[in-house]
Each structure stands twice: as structure tokens, then as C-alpha cells.
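J.: Input: one structure, supplied below.
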Amino acid sequence: MQRKAVYPGSFDPFTNGHLDIVRRSLQVVDRVVVAILKNTSKQSMFSPEQRKEVIEEVFANEPRVEVKVFSGLLVEFCRQNEVSIIIRGLRAVSDFDYEHAIFLMNRSLKPGLETMFLMSDTEHSFISSSIIREVASLGGEIEKHVPQIVARKLRDRFQNQDK
Ligand code: PNS
């Protein structure tokens, strides 16, 4: 049986840290569904559909990765997509409490659903989407930390805003 996992998140925008987690997950599972949360109560930089398009382009040559947008409970998304593993990245101890709480809640909502944590590479351990958004908005260099297509979208966004 194929092992299919979900990698859920906001991905606003998708960073090299996220990319690293997906690539490393593929060494352990057969397929990964990158699931973008559509959160109507949170203001986002890119719409879920824009994020989906970008992430699909990042994995254009990786047929084992699929990208979907979801709303509602993650456990429900897992049920509908026949996924039994959730993947989350841990950058530092500061991530632990939040991730632990989500893990326990998801397991309580759907016993048997397993969460697999991958530690971020040191290279990416200080990167977050919010830091990338801030640096990009202030004209700083983010190219090292995000896929090329994401850097291009960020540049387009802020260059157009200056006009
Ligand atoms: O990248 P993020 O924003 O830290 O991802 C958080 C995410 C999307 C994994 C989490 O908010 C989530 O799963 N939301 C869906 C709603 C849900 O299932 N909530 C119960 C578990 S907290």
C-alpha cells in the first residue's frame, strides 16, 4: 500500500524551508499532498489559489507531490483524501508547544492519524513566511530563502506597489 502524507500549512509564501521538508518527506512516504489552509479570518499576502499555482510550479517535475487548498478541519481533509500521516516541520524549541498541542488535538479528533515531525535544516531554521514577507516588503534580499518563482512573485508584488 502506498504511504500518502499531508503537509498542511499557510505557505504565504512557500519557502526553501518548506521545500526541504517536502523533499525529505518523500524519502519516507510515497506521496505528499501539500495542503494550503484557506483561512478567511487571516489576511494573507497571496490568495490560496495563487499559492497553489506557485507551489505546483515548484513541484512541476515531481509527480509524487500534489497541491490542494482546504478549509475546515485538517482531520476531515485527511479523511476525504485517505491520508493517515501529517507532516510538520520543527525549526526550534519555540515551535514545540504549538506543534505539540496541534498534534494532540488532531490525534484526539482522529485516533490513528499520525504526525511525523521533521527538524528543519540549520540553513532554514530561522526562516518563516512572515519574516520573508517583511524583508521582501522592505526591499531586502530574499532570493536565498525562497524558490525562484516565489522570489519573482514577491518582487512583482512590491515593485508594483511602489508605483
Ligand atoms: O503554517 P501554519 O499556519 O502554522 O499551519 C497551521 C495549520 C494549517 C496546520 C493548522 O492551523 C490547521 O491544521 N488548521 C486547520 C484547522 C484545524 O484542523 N484545526 C485543529 C487543529 S489545530
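The values are calculated or read from the model by the stated rules, or taken from the named source; none is laboratory data. As the structure is a prediction and not an experimental result, all values here were calculated from the model. Here Cβ is always computed from backbone atoms with ideal geometry, including for glycine, and neighbour counts include all displayed protein chains. All accessible areas refer to the heavy atoms of the entire protein, side chains included, with ligands and DNA or RNA removed. Shrake-Rupley method; radii C 1.70, N 1.55, O 1.52, S 1.80 Å.
J.: Of all residues in segment 1-33, how many are within 11 Å of the ligand (Cβ to nearest atom) and assigned to a strand (DSSP E or B)?
T.: Residues meeting the conditions: 4.
J.: How many residues are surrounded by 14 or more Cβ atoms within 10 Å (Cβ to Cβ), within 14 Å of the ligand (Cβ to nearest atom) and part of a loop (DSSP other than H, G, I, E, B) if we restrict to segment 34-73?
T.: 4
J.: Are any residues in segment 112-163 farther than 16 Å from residue 90 by Cα and aromatic (Phe, Trp, Tyr), and if so, which ones?
T.: Within segment 112-163, 158 is the sole residue that qualifies.
J.: Just to be sure, is residue 90 touching a Pro at 6+ places or on another chain (Cβ under 6 Å) and open to solvent by less than 70 Å² (accessible area, probe 1.4 Å)?
T.: When the stated conditions are applied, residue 90 does not pass them.
J.: Identify all residues within segment 99-114 that are within 10 Å of the ligand (Cβ to nearest atom) and within 22 Å of residue 24 (Cα to Cα); write none if there are none.
T.: 99, 102, 103
J.: Out of all the residues in segment 122-131, is one or more of a type in the set (Ser, Thr, Tyr), open to solvent by 70 Å² or more (accessible area, probe 1.4 Å) and out of contact with any Ser or Thr (no Cβ under 8 Å at 6 or more places or on another chain)?
T.: yes
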